[in-house]
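This report concerns only the one structure given below.
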Amino acid sequence: MLDMIQTAIYAPTVSVFDAYPNVSPELAAEIEDWKIRFKEHCEKQTDFAAFMGQFYGSDIQVESSNLLSRAAMEAMGGATQQNEVNSEAEVISVKDYLEQYRSAYDEVRAAGYRKRGEAAYEELLNVANRTDDMVEAQLIIEKERLLWKIVSEDTLDIYETIQEAMDPLHEGMTFPISAFAEVYRKATCDEDLTYELERLKIVVPVVVQRSVIKIFLATVIGTNILNYAKGKNKIYAWASDTSAQEGLGAMIACRDNIRTFIKLLKEHFDMSFEDMVNDEFTKLWLLYPRGLDSLGRIKRILDPQNLSAFKEIVNECLSDRTIEDILLSGSRYVVYFDLEKTDEEYEGKASERTKELDGGLTYYRYEATLKKTVESMCNIK
Amino acid sequence: MSDINKVHELYDMMARRFAACAHTPNQARVYAEIRDLIAGCSTVDDSMQKIKNSKYYTAPAQALMLDKMNAYREAARDNKMPELEKIYDEKYREIEADPMKAYEMGYEKKVAARDLKMNQKIAAFNDAYMAYVELLCCGFDKDEIDRHCRDIKKALEEMDRACESFASLAGQEMYRKLVPANDTGFRDFVSNAPGCAQNPPDRSHEKAAFEKEFNELWSSLSAKKGQITEMGRKELGKARYAACLAIPPKDRTGHYEFELRQEEMPC
């Protein structure tokens, strides 16, 4: 049990304190005491899922936030005041001061893909090569915003890598990431970030939900159109009276559903079916898409030529023509159904091609670690 | 540049940076005041001593936490979330009165509880709307109608459990935005969903109309089976089976590209 908790919670939580090696002896003692109690607490757990669910907001987690804030504030206060060379206090060298960022830098470098973050840390650590005067170092760090860069650049490394592996038209998935990335790009300080990220709390669910509804509407009508066409073919094939009756039932029911749906689209969404087909993203969801990679960027779909056939079917359903007349007149459109005999063979080819297309994406090289961010931000598993 | 001038420049630079940001008024003020405080000092030691003997020794840390709380408070206000705004406002005042209160993090728990409740309400409101749209599109199948109505009921109960009624949520701007329908569609949802949760709509007239049309058509089609199957030979010959891949564009302004199309010959 500790192995899982060790990896997921214990190690990352405890290692955060490594970034503040120069805290006061009193605070250092409190942190050590907390680490011991936290380890004991972790060792007592028997249910990993329950532990994960209860960890955030628990007393021991709040205590760690508290200690971390104090460590950060000591580092900040110390950084400013240590520069003002105090004859009574021991003067810390620029190199030693910057070494507190070494373990964080090592972690970023070990990740492999966080190149902007890596560069930002290197720029910060390099200050020690530019000056050995602590006040001068602080001036450089402040003027060049080096501490801010290690936050913003490193976070952008993560978000942009994920974003690149997503379908940009799928707003419901990309928005949580792209909106956060945009905030990091525009923010100039931590407080800007705090404000803007907090504002997104009410924006993200709206964009995601609107995208979900768009997909839902396209899926409902797409399914009814295909079932209508399948019903029609069942009657044409007339393998038996039962199957012809099934076909007829499907044609009538789907036609009625399509009529209801088109009315709903107009009355509730000020949209027509034509609008759905003309929307680059929505049109794809009329074609029964199935994601072939973990973020659904590459999709297998029905033949896009169906879109014009679908428009004709919708017009047919909305017309006053009887089903008998429709069946006896034949149709101008051709519907492309999904593969049947060669489905498995195609799935193999599609999977190979997807691997090729995704091969150049950084995300897939580091998916094991990045997918946790995707899951937490995009609410997908 | 002498060391004291460098220190002065550092505080000045920080004061100006914080002043330029809308969310750091406390840090802007504190760093400007420290800059002014040490303006007359001739050495770094003097300036350090002066700061140590003043309120400014702990003031930057206090200002940092005040600005952080203020940023949260303003966002909550702009998000029209008064309960959250109150939590941050209380914490802000606590820290303002006593800087040591910055180290007490209990407010996080209150915020986490509020966030959890808000997420539950959003999820329930969305569930209710989805179930309502499904109900509108599902035809006359009684099992399906009942299922969607049960889902609406469950979602409304979930909102009650999160201590806010459906009607109250529907009156809030954010929940209105969650529903992509126009005002007519939203009004329809708000006024009809609670009723559907209690009494699933009766669509037996639609079922009767379906059965009537089906029976009439079946007799008529049966009589013309030959003509229909004759037409069927032509029509079924036109049916196709195919699949392809959709590759998304690089950005939102682009178009999907389709490739690896495979078509299967009809039987």
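The values are calculated or read from the model by the stated rules, or taken from the named source; none is laboratory data. Remember, it's a predicted structure, so these values are computed and weren't measured experimentally. Backbone-built Cβ (ideal geometry, glycine too); neighbour counts: all protein chains shown.
Would a scan of the stretch B:191-212 turn up a residue that is over 27 Å from A:Phe216 (Cα atoms) and in contact with a Leu (Cβ under 8 Å, 6 or more places away or on another chain)?
Scanning the stretch B:191-212 turns up no residue that is over 27 Å from A:Phe216 (Cα atoms) and in contact with a Leu (Cβ under 8 Å, 6 or more places away or on another chain).
With respect to A:Tyr228, is the statement that it is in contact with an Asp or Glu (Cβ under 8 Å, 6 or more places away or on another chain), at pLDDT 95 or above and buried (at least 22 other Cβ atoms within 10 Å of the Cβ) true?
The answer is no for A:Tyr228.
I'm trying to understand the selection: among the residues of the stretch A:325-355, which are of a type in the set (A, V, I, L, M) and within 7 Å of another protein chain (Cβ to nearest Cβ)?
Listed by number, the residues that qualify are A:Leu327, A:Leu328, A:Val334, A:Val335, A:Leu339, A:Ala350.
Go through the stretch B:174-198 and count every residue that is touching a residue at least 12 places away in the same chain (Cβ under 8 Å) and more than 10 Å from chain A (Cβ to nearest Cβ).
Residues flagged as touching a residue at least 12 places away in the same chain (Cβ under 8 Å) and more than 10 Å from chain A (Cβ to nearest Cβ) within the stretch B:174-198 amount to 7.
Does the stretch A:233-244 hold any residues that are under 14 Å from A:Leu327 (Cβ atoms), under 46 Å from the mean Cα position of the chain (by Cα) and without any contact (Cβ under 8 Å) to a residue 40 or more places away in the chain, and which are they?
Those that are under 14 Å from A:Leu327 (Cβ atoms), under 46 Å from the mean Cα position of the chain (by Cα) and without any contact (Cβ under 8 Å) to a residue 40 or more places away in the chain: A:Asn233, A:Lys234.
Per-residue answers, yes or no, for (1) surrounded by fewer than 17 Cβ atoms within 10 Å (Cβ to Cβ); (2) closer than 18 Å to B:Ala102 by Cβ; (3) not hydrophobic (A, V, I, L, M, F, W, C):
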residue: B:Ser2; (1), (2), (3): yes, no, yes
residue: B:Val7; (1), (2), (3): no, no, no
residue: B:Tyr31; (1), (2), (3): no, yes, yes
residue: B:Ala39; (1), (2), (3): yes, no, no
residue: B:Ser42; (1), (2), (3): yes, no, yes
residue: B:Asp45; (1), (2), (3): yes, no, yes
residue: B:Tyr56; (1), (2), (3): no, yes, yes
residue: B:Ala61; (1), (2), (3): no, yes, no
residue: B:Tyr72; (1), (2), (3): no, yes, yes
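Among the numbered criteria (1) more than 14 Å from chain A (Cβ to nearest Cβ); (2) on the phi < 0 side of the Ramachandran plot, which single criterion is violated by B:Cys163?
Failing condition for B:Cys163: (2).
Is it the case that some residue within the stretch B:2-11 is within 8 Å of chain A (Cβ to nearest Cβ) and among the small types (Gly, Ala, Ser)?
no
Do any residues in the stretch B:100-113 that are without any contact (Cβ under 8 Å) to a residue 40 or more places away in the chain and of a type in the set (Gly, Ala, Ser) have Cβ atoms under 8 Å from those of residues that are in a helix (DSSP H, G or I) and surrounded by 17 or more Cβ atoms within 10 Å (Cβ to Cβ), where the two are at least six apart or on different chains, and which pairs are they?
Note: pairs meeting the criteria are B:Gly106/A:Val62.
Need a quick list: helices (runs of 4 or more DSSP H) entirely within the stretch B:1-86 having at least 1 residues that are of a type in the set (Lys, Arg) and under 29 Å from the mean Cα position of the chain (by Cα).
Counting at least 1 such residues, we get B:59-78.
Of all helices (runs of 4 or more DSSP H) completely enclosed by the stretch B:156-242, which ones contain at least 2 residues that are in contact with a Gly (Cβ under 9 Å, 6 or more places away or on another chain)?
Qualifying helices (runs of 4 or more DSSP H): B:204-223, B:225-238.
Could we say that A:Ser308 is more than 31 Å from the chain's Cα centre (by Cα), touching a residue at least 12 places away in the same chain (Cβ under 8 Å), surrounded by fewer than 15 Cβ atoms within 10 Å (Cβ to Cβ) and assigned to a helix (DSSP H, G or I) here?
yes
Name every residue in the stretch A:333-375 that is among the polar types (S, T, N, Q) and within 28 Å of A:Gly222 (Cα to Cα), in order of residue number.
Within the stretch A:333-375, A:Thr342, A:Ser351, A:Thr354 qualify.
B:Gln227 is checked against (1) within 30 Å of B:Tyr132 (Cβ to Cβ); (2) at the interface with chain A (Cβ under 7 Å from one of its Cβ atoms); (3) out of contact with any Phe, Trp or Tyr (no Cβ under 8 Å at 6 or more places or on another chain) and fails just one. What number does that condition carry?
(1)
In the stretch B:76-93, which residue that is within 9 Å of chain A (Cβ to nearest Cβ) and not aliphatic (A, V, I, L, M) is surrounded by the most Cβ atoms within 10 Å (Cβ to Cβ)?
B:Asn79
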